[in-house]
Amino acid sequence: MSELSVNHLLGIKYLKKEDINLIFETADHFKEVINRPIKKVPSLRDITIANLFFENSTRTRLSFELAEKRLSADVINFSAASSSVKKGETLIDTVNNILSMKVDMVVMRHPNPGAGVFLSKHIKASIINAGDGAHEHPTQALLDSYSIREKLGEVQGKKVVIVGDILHSRVALSNIFALKLQGAEIKVCGPKTLIPKYIEKLGVKVETNLTKALQWCDVANMLRVQNERMEISYFPSTREYTQQFGVNKRLLDSLDKEIVIMHPGPINRGVEITSDVADSKQAIILDQVQNGVAVRMAVIYLLASKIKQ
Amino acid sequence: MEIMSQKLLLSAKEIDIILHRLACQLIENHTHFEDTVLVGIQPRGIFLADRIKQILINDYKLSTIKMGYLDITFYRDDFRRGEKPLEANKTKIDFTVEDKRVVFIDDVLYTGRSIRSALTAIQSFGRPIEIELLTLIDRRFSRHLPIQPNYRGRQVDAINQEKVKVHWIENGGEDAVYLVNS
């Protein structure tokens, strides 16, 4: 296969296994490109991309912007904090205004689940979902799987535990879809209050004992506690959360194998993982960030190749 | 259905003679290859590049030759213009070309657009002193750009409907060049 089966990347849910393979093979080429003395290719010099961030983001926005620039696309940035959205403009109006400036592709982060799907039904440009509420964050899941593949050779058959706030996490949901598609085994681990009731319907198992989960897995993906999405208290205190679901060096050393530690960032050091774990050689957190640029280049390149002249 | 016909342009024996001649011509200009790097253009130039390198090593004891493979997919000028999506291949250049003499190696020189892309792509690895081009088959009168080879195996006059197919043993077959009428 040399073409994606979709025209937008709205979620992992809409992808096939072959799409993921194609994205990874393309990302391999771009990873080589971004390690050259000159880290840029001219492929997208006639493409304009708008980065629309209706919600705060640092690394995802930078990663997308860098990926776009490495492909020579023209880039415009928009963040809701300084825009007409505050003046009451609707999403479609905002986007259509931007598109009338001849934009070919939209990268959007939005607090509402399904914002990307909604937009794709009303506008012509290609859309990449950079996170929609607690729904999906497809490029994060792709770069996570890509990093597992890079570290362990393949994703199929690997045991992955996702630890933390599964309820509010778009990273968790996209990761579950992506890992399932590639044939990995998945467990989720966290306080019962932060695990969705019907999560097992997605084909994952629930484990509430962190030590058991770590002993079982090849890879632990540690999620951040998303205080900003919690209107009520889901656990008694941060200290108690850390005691039950935080990973520290002592816990890792007590396992009879060496597991891979991942984190989508930003890290709450000392909460979900301690500094000595985050900075250890078992952690591939900074590899994830580097791979993020290559994977996003692949997604943008493959979607752009479907935009007809 | 139209019947496809093909004519043998070069046999294995002829290819062997030509490769040795091209290797000698390279030595004439580059002597010890201290500042020279060979770059095979992906996907099909790499077989020719490997062969030339083998001759230089085995027959002329030039064992320190540097060689890499360059993929030009992301530098092509027909992105989003063709029927089929472009498929990338592996670039493998583990040296810089800063102040080096680069020799591009490709099997067929046709419109010259691939070489134009390669000229842009190689700049990502530094600024070479000069760039030369070695090609097994030079299709005359079909250039879209002012690009000519420095070393050529055989010149061929072919009309646009015709294709030049280069087969290598490494590519699953025999060494042979055919003119295919499709």
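The values are calculated or read from the model by the stated rules, or taken from the named source; none is laboratory data. All figures in this text were calculated on a predicted structure; none of them were measured in a lab. Positions of Cβ are backbone-derived with ideal geometry, glycine not excepted, and every protein chain shown enters the neighbour counts.
Looking at (1) of a type in the set (Ser, Thr, Tyr); (2) in contact with a helix residue (DSSP H, G or I) (Cβ under 6 Å, 6 or more places away or on another chain); (3) within 14 Å of chain B (Cβ to nearest Cβ), which one does A:Ser63 not meet, given that it meets all the others?
Status for A:Ser63: all satisfied but (3).
Limited to the stretch A:286-309, what total is found for residues that are surrounded by fewer than 20 Cβ atoms within 10 Å (Cβ to Cβ) and either away from chain B (no Cβ under 14 Å) or on the phi > 0 side of the Ramachandran plot (or both)?
The qualifying residues number 4.
Condition check: of a type in the set (Lys, Arg) and touching a His at 6+ places or on another chain (Cβ under 8 Å). Does A:Arg149 satisfy that? Even if it seems obvious, please write down each step before you answer.
Working: of a type in the set (Lys, Arg): yes; touching a His at 6+ places or on another chain (Cβ under 8 Å): no.
Against the criterion (of a type in the set (Lys, Arg) and touching a His at 6+ places or on another chain (Cβ under 8 Å)), A:Arg149 does not qualify.
Take the stretch A:30-44 and flag every residue that is within 9 Å of another protein chain (Cβ to nearest Cβ) and either part of a loop (DSSP other than H, G, I, E, B) or touching a residue at least 24 places away in the same chain (Cβ under 8 Å) (or both).
Residues of the stretch A:30-44 within 9 Å of another protein chain (Cβ to nearest Cβ): A:30, A:32-33, A:36-44.
Answer for the stretch A:30-44, where residues must be within 9 Å of another protein chain (Cβ to nearest Cβ) and either part of a loop (DSSP other than H, G, I, E, B) or touching a residue at least 24 places away in the same chain (Cβ under 8 Å) (or both): A:Phe30, A:Val33, A:Arg36, A:Pro37, A:Ile38, A:Lys39, A:Lys40, A:Val41, A:Pro42, A:Ser43, A:Leu44.
Could we say that B:Glu132 is among the acidic types (Asp, Glu) and within 28 Å of B:Val156 (Cα to Cα) here?
Values: among the acidic types (Asp, Glu): yes; within 28 Å of B:Val156 (Cα to Cα): yes.
So B:Glu132 fits the description; yes.
For the stretch A:109-138, give me each residue that is surrounded by fewer than 19 Cβ atoms within 10 Å (Cβ to Cβ) and charged (D, E, K, R).
The answer is A:Lys121, A:Lys124.
Being assigned to a loop (DSSP other than H, G, I, E, B), among the aliphatic types (A, V, I, L, M) and out of contact with any strand residue (DSSP E or B) (no Cβ under 6 Å at 6 or more places or on another chain) is the filter here; which residues of the stretch A:156-176 pass it? Spell out how you get there, then give the answer.
We begin by selecting, within the stretch A:156-176, every residue assigned to a loop (DSSP other than H, G, I, E, B); these are A:156-158, A:164-169.
Right, trim to among the aliphatic types (A, V, I, L, M) and you get A:166-167.
Of everything in the stretch A:156-176, just one residue is assigned to a loop (DSSP other than H, G, I, E, B), among the aliphatic types (A, V, I, L, M) and out of contact with any strand residue (DSSP E or B) (no Cβ under 6 Å at 6 or more places or on another chain), namely A:Leu167.
Where in the stretch A:179-292 are there helices (runs of 4 or more DSSP H), lying wholly inside it, with at least 2 residues that are without any contact (Cβ under 8 Å) to a residue 24 or more places away in the chain? Give the steps one after another, and end with the answer.
Values: elements: A:210-216, A:238-245, A:249-253, A:275-278.
Qualifying helices (runs of 4 or more DSSP H): A:238-245, A:249-253, A:275-278.
Go through the stretch B:77-87 and count every residue that is closer than 16 Å to B:Thr120 by Cα and either over 19 Å from the mean Cα position of the chain (by Cα) or at the interface with chain A (Cβ under 8 Å from one of its Cβ atoms) (or both). It would help to see each step written out before you state the result.
Quick first cut of the stretch B:77-87, residues closer than 16 Å to B:Thr120 by Cα only: B:77-79.
Okay, now just the ones that are also either over 19 Å from the mean Cα position of the chain (by Cα) or at the interface with chain A (Cβ under 8 Å from one of its Cβ atoms) (or both), so B:78-79.
Going through the stretch B:77-87 one residue at a time, the tally reaches 2.
Any residue in the stretch B:145-166 that is within 14 Å of chain A (Cβ to nearest Cβ) and touching a residue at least 24 places away in the same chain (Cβ under 8 Å)?
The initial filter retains those residues of the stretch B:145-166 that are within 14 Å of chain A (Cβ to nearest Cβ), namely none.
Checking the stretch B:145-166: not a single residue is within 14 Å of chain A (Cβ to nearest Cβ) and touching a residue at least 24 places away in the same chain (Cβ under 8 Å).
Go through A:Asp74, A:Asp93 for me and flag whichever is free of Cβ contacts under 8 Å to residues at least 60 places away in the same chain, exposed (fewer than 15 other Cβ atoms within 10 Å of the Cβ) and not hydrophobic (A, V, I, L, M, F, W, C). Full working, then the answer.
Values: A:Asp74 fails: exposed (fewer than 15 other Cβ atoms within 10 Å of the Cβ).
Sole residue among the options that is free of Cβ contacts under 8 Å to residues at least 60 places away in the same chain, exposed (fewer than 15 other Cβ atoms within 10 Å of the Cβ) and not hydrophobic (A, V, I, L, M, F, W, C): A:Asp93.
Looking at the stretch A:150-181, which of the residues that are closer than 14 Å to A:Ala220 by Cβ and out of contact with any helix residue (DSSP H, G or I) (no Cβ under 8 Å at 6 or more places or on another chain) is surrounded by the fewest Cβ atoms within 10 Å (Cβ to Cβ)?
So, considering only residues that are closer than 14 Å to A:Ala220 by Cβ and out of contact with any helix residue (DSSP H, G or I) (no Cβ under 8 Å at 6 or more places or on another chain), the one surrounded by the fewest Cβ atoms within 10 Å (Cβ to Cβ) is A:Leu152.
Tell me, please, whether a residue that is surrounded by fewer than 16 Cβ atoms within 10 Å (Cβ to Cβ), within 27 Å of A:Glu25 (Cβ to Cβ) and touching a strand residue (DSSP E or B) at 6+ places or on another chain (Cβ under 6 Å) can be found in the stretch B:77-93.
Scanning the stretch B:77-93 turns up at least one residue that is surrounded by fewer than 16 Cβ atoms within 10 Å (Cβ to Cβ), within 27 Å of A:Glu25 (Cβ to Cβ) and touching a strand residue (DSSP E or B) at 6+ places or on another chain (Cβ under 6 Å).
I'm trying to understand the selection: among the residues of the stretch A:10-29, which are closer than 25 Å to A:Lys151 by Cα, among the hydrophobic types (A, V, I, L, M, F, W, C) and either away from chain B (no Cβ under 12 Å) or assigned to a loop (DSSP other than H, G, I, E, B) (or both)?
Of the residues in the stretch A:10-29, the ones closer than 25 Å to A:Lys151 by Cα are A:11-13, A:15-29.
Then drop every residue that is not among the hydrophobic types (A, V, I, L, M, F, W, C), which leaves A:12, A:15, A:20, A:22-24, A:27.
Scanning the stretch A:10-29 gives A:Ile12, A:Leu15, A:Ile20, A:Ile23, A:Phe24.
Mind checking whether some residue in the stretch A:59-68 is touching a Gly at 6+ places or on another chain (Cβ under 9 Å) and surrounded by fewer than 16 Cβ atoms within 10 Å (Cβ to Cβ)?
Yes: the stretch A:59-68 contains one or more residues that are touching a Gly at 6+ places or on another chain (Cβ under 9 Å) and surrounded by fewer than 16 Cβ atoms within 10 Å (Cβ to Cβ).
Only one of A:Gly157, A:Gly133, A:Gly153 is at pLDDT below 95 and not aromatic (Phe, Trp, Tyr). Can you tell me which?
Details: A:Gly157 fails: at pLDDT below 95; A:Gly153 fails: at pLDDT below 95.
Every option except A:Gly133 fails the conditions.
Every residue in the stretch B:55-64 that is at pLDDT 95 or above and touching a Leu at 6+ places or on another chain (Cβ under 9 Å), please.
Within the stretch B:55-64, B:Ile55, B:Leu56 qualify.
Would you mind stating whether B:Ile105 is under 18 Å from B:Asp71 (Cβ atoms), crowded, with 20+ Cβ neighbours inside 10 Å and not charged (D, E, K, R)? Outline the logic, then answer.
Numbers: under 18 Å from B:Asp71 (Cβ atoms): yes; crowded, with 20+ Cβ neighbours inside 10 Å: yes; not charged (D, E, K, R): yes.
So B:Ile105 passes the test.
Got a sec? Which of A:Asn51, A:Asn56 is of a type outside the set (A, V, I, L, M), on the phi < 0 side of the Ramachandran plot and part of a strand (DSSP E or B)?
Values: A:Asn56 fails: part of a strand (DSSP E or B).
The match here is A:Asn51.
Pick from the stretch B:93-137 the residues that are among the hydroxyl-bearing types (Ser, Thr, Tyr) and in a helix (DSSP H, G or I): which of them is farthest from the other protein chains (Cβ to nearest Cβ)?
Taking the stretch B:93-137 as the starting set, the residues that turn out to be among the hydroxyl-bearing types (Ser, Thr, Tyr) are B:96, B:110-111, B:114, B:117, B:120, B:124, B:135.
From what is left, the residues that are in a helix (DSSP H, G or I) are B:114, B:117, B:120, B:124.
Details: B:Ser114: 15, B:Ser117: 9, B:Thr120: 7, B:Ser124: 4 Å.
Here the residue is B:Ser114.
Would you please list the contacts, defined by Cβ atoms under 8 Å and residues six or more apart or on different chains, that run from a residue in the stretch A:123-149 that is over 18 Å from A:Ala298 (Cβ atoms) to a residue that is β-branched (Val, Ile, Thr) and outside any helix (DSSP H, G or I)?
Close Cβ pairs (under 8 Å, with a partner that is β-branched (Val, Ile, Thr) and outside any helix (DSSP H, G or I)) amount to A:Ile123/A:Val106; A:Ala125/A:Val103; A:Ala125/A:Val106.
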